[in-house]
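S.K.: Below is the structure I would like to discuss, written out as structure tokens.
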Ligand SMILES: Nc1ncnc2c1ncn2[C@@H]1O[C@H](COP(=O)(O)OP(=O)(O)O)[C@@H](O)[C@H]1O
Ligand SMILES: [Mg+2]
């Protein structure tokens, strides 16, 4: 049974506006961190809020741990929501409550007595590394500490599922890294399933197992993070990938490249590849078997989920039909090959 199963979710806020959700289906497996990436307005928040029915879809079904939630009446829904914790971009803490009181707040709402609340807070504080700050008010906490309070509060009812809506978008890059590491660690220690939404591919790369790309209320691409990084199918996805790996060729470098000899052509391409050896083989085979001159303009190797992954810019020189043949051959190997310039 998946942790979350959404099927055919649609939501339109007004008849005149385009739909915020337009038939979204997805499954989050138990124990995985599933990321949804998209630009502002893509429908990510609407989608994640449908999981705990903070937002009601116009149509479609919401299943969490095998239970249909969209058909539940309020009291049963409140009960079901205890299995789903949620973390927000702007923390949503009570300014007049201490860290400990903020963490205990959902338990207080649920009518749980003081002694049990305090015992639970004593368990949660070390889990998020905040023992020393239990009596601090939000104004006395850093952004990262506030989000740690937000995470502990989301975990107060011992949920099986954690929803994160841009949980690191208000934080600096270093703090973002710490919070993502914490989410990854909590997932393992507490065996949580995590649905996380973001507009940053670096977040996906750091913590997600699988990712879906959203645009205009739809999922346009989905897969294992490594696959999506190395073989993006959509231009939007390529642009997100480029955010992390950077653009391959500085403009000055492009201007300094030699012109092709008479009767020959030049193609400048960006190649995304998996594995450090596949590149060398591709360059040497393309030059040998297709009789081309291949020039590595830039290259960078990174790692995703422990697997090497890289981007390389190649300038290839030779007869036009050989160039076309070589590029088609490289694509046939499953590499993502994009022309940058002629
Ligand atoms: N409560 C609302 N009322 C009216 N329109 C909304 C509401 N919430 C979201 N929208 C609209 O739905 C679309 C998707 O919004 P949202 O889900 O917040 O996107 P994202 O989180 O990807 O930025 C946007 O066009 C937004 O303006
Ligand atoms: Mg949003």
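S.K.: When ranked by the protection proxy of mean other Cβ atoms within 10 Å per residue, highest first, what sequence do the peptides 126-133, 99-106, 27-34, 13-20 form?
M.R.: 99-106, 27-34, 126-133, 13-20
S.K.: Relative contact order for region 1-55 using alpha-carbon pairs under 8 Å, separation at least 6, rounded to a whole percent?
M.R.: Computed over region 1-55, the figure is 33 percent.
S.K.: Could you please state, rounded to a whole Å, how far the C-alpha centre of region 220-265 is from the C-alpha centre of region 1-44?
M.R.: Measuring centre to centre over Cα atoms gives 28 Å.
S.K.: Which order do the peptides 142-149, 333-340 come out in when sorted by mean C-beta neighbours inside 10 angstrom, highest first?
M.R.: Ranking the peptides 142-149, 333-340 by packing returns 142-149, 333-340.
S.K.: Sticking with this structure for a sec: If each residue of separation counts as 0.36 nm, what is the full-extension length gain between residue 114 and residue 307 once their alpha-carbon separation is subtracted?
M.R.: 64.7 nm
S.K.: Say R0 is 41 Å: what FRET efficiency, to the nearest 0.05, do residue 296 and residue 7 get from their beta-carbon distance?
M.R.: 0.30
S.K.: Determine, from the Cβ-Cβ distance of residue 257 and residue 29 and an R0 of 45 Å, the FRET efficiency 1/(1 + (r/R0)^6), rounded to the nearest 0.05.
M.R.: FRET efficiency, residue 257 to residue 29: 0.45.
S.K.: Relative contact order, percent, of region 240-342 when contacts are C-alpha pairs under 8 Å separated by at least 6 residues?
M.R.: Relative contact order of region 240-342: 37 percent.
S.K.: As a footprinting exposure proxy, order 50, 208 by other Cβ within 10 Å, with the fewest listed first.
M.R.: Values: 50 24, 208 27.
Exposure proxy ranking, most exposed first: 50, 208.
S.K.: If you don't mind, there's one more thing I want to ask. How much length would be gained if the chain were fully extended between residue 59 and residue 190, taking 0.36 nm per residue of separation minus their Cα-Cα distance, in nm to one decimal? All intermediate terms of the calculation are to be shown ahead of the outcome.
M.R.: Numbers: separation 131, 0.36 × 131 = 47.16 nm, distance 3.26 nm.
Length difference between fully extended and current span is 43.9 nm.
S.K.: Tell me what the chain gives for mean residue ellipticity at 222 nm when only DSSP H runs of n ≥ 4 count, each as -39,500 (n - 2.57), the sum divided by the residue total, rounded to 500 deg cm²/dmol.
M.R.: About -11500 deg cm²/dmol.
S.K.: Then there is this: What is the distance in Å between the Cα centres of region 293-310 and region 98-139?
M.R.: Between the Cα centres of region 293-310 and region 98-139 lies a distance of 46 Å.
S.K.: Grab the Cα-Cα distance for residue 174 and residue 139, subtract it from 0.36 nm times how many residues apart they are, and report the gain in nm with one decimal.
M.R.: Fully extending the segment from residue 174 to residue 139 adds 10.6 nm.
S.K.: What is the angle, in °, between the Cα long axis of helix 99-109 and the longest principal axis of the Cα atoms in the chain? Nearest 10 is fine, range 0 to 90.
M.R.: Helix 99-109 sits roughly 70 degrees off the main axis of the chain.
S.K.: Tell me the relative contact order for region 4-233 as a rounded percent, counting alpha carbon contacts under 8 Å between residues six or more apart. Write out the running numbers ahead of the final one.
M.R.: Numbers: 427 pairs, mean separation 68.8, N = 230.
Relative contact order of region 4-233: 30 percent.
S.K.: Moving on to the next point. If packing is taken as the mean number of other Cβ atoms within 10 Å per residue, what is the order of 65-72, 3-10, highest first?
M.R.: 3-10, 65-72
S.K.: If I model the chain as equal point scatterers sitting on the Cα atoms and use the Debye formula, what is log10 I(q)/I(0) at q = 0.06, 0.09, 0.13, 0.15 Å⁻¹?
M.R.: -0.29, -0.59, -0.98, -1.18
S.K.: Does region 246-341 classify as rounded, prolate or oblate by the C-alpha gyration tensor (a ≥ b ≥ c root eigenvalues; a/c under 1.5 gives rounded; else a/b over b/c gives prolate, otherwise oblate)?
M.R.: Here region 246-341 falls in the oblate category.
Just so you know, all these numbers are worked out from the coordinates, no wet-lab data involved. From a predicted model like this one, the values you see are computed outputs, not experimental measurements. Methodologically, a virtual Cβ is constructed for each residue, glycine included, from the backbone with ideal geometry; neighbour enumeration extends over all protein chains shown.
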